Amino acid sequence: MRRAVAGLLAAGLAAGALAGCSEADRGRMPGPVPSGVEFRTAPDDAPPAPPLTLELTDGTTLDLTEQWGERPVVLVFFETWCTRCADQQPPINDVVEEYEDTVLFVGIANLSDPADVATYVEDHDITYPVAVEPSGDAMLRYAVAEPPLVALVGKDGSLLRGWPEGVEGDELATAIADLAVR
């Protein structure tokens, strides 16, 4: 059933996938949500997600409130020295590949050097946008005690789920698939 929903959410993806990741694929923002894809509204008791404006590693600015007006957002808080972050990245990359046109994934590092983040992004084949946020504001707003932490924000800006210590790819994919209107 999850695969059927994933098929709906992945509608509009180009057929076939490249084995490697070109430089142009790094930091890729999704295009418009594919037609026919709709998302459930959050439960009434879901708290609002803290708003964030981030400077991405490519120098562009990303206002998350603009994004979750159109689609769910997954925030991946990590640090380059975090072994658990590195271990969880390949399954997260699989989820990104499955939902890259319907959900925005954003990586956020706080304590890591920007050059180390660039190396980490390359070494771990991260294709979604990444911010280095040295002020620590994003981590404070999302109560990140230590990385990894993954947060799922609904299309309406509600904080739906947080995974301190990170999340396995299957659990994240299931949570995203459950947002689809069936």
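Summary table
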item: For the range 65-113: rounded, prolate or oblate by the Cα gyration tensor [a/c cutoff 1.5]; result: oblate
item: Theoretical gain in end-to-end length, residue 86 to residue 174 [0.36 nm per residue, Cα-Cα removed]; result: 29.6 nm
item: Counted charge near residue 53, where neighbours are those whose Cβ lies closer than 14 Å (Asp, Glu -1; Lys, Arg +1); result: -4
item: Estimated vicinal HN-Hα couplings, Hz - the range 86-95 in sequence order (Karplus 6.51, -1.76, 1.60; Gly, Pro = x); result: 5, 5, 7, 5, x, x, 5, 4, 5, 5
item: Full-stretch length increase - residue 119, residue 41 - with 0.36 nm per residue and alpha-carbon distance subtracted; result: 24.3 nm
item: Extended-chain gain in nm, criterion 0.36 nm per residue less alpha-carbon gap, residue 137 and residue 66; result: 23.7 nm
item: Lys, Arg +1 and Asp, Glu -1 on Cβ, resulting dipole of the range 20-124 about Cα centre, debye, nearest 20; result: 160 debye
item: Solution diffusion estimate, µm²/s, Stokes-Einstein, the range 70-182, Kirkwood Rh from C-alpha pairs, 20 °C, viscosity 1.002 mPa s; result: 153 µm²/s
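Every number here is computed from the coordinates shown, using simple stated rules; none is lab data. Source: prediction; values computed, not measured. Positions of Cβ are generated from backbone atoms using ideal geometry, with glycine treated the same way; all protein chains shown enter the neighbour counts.
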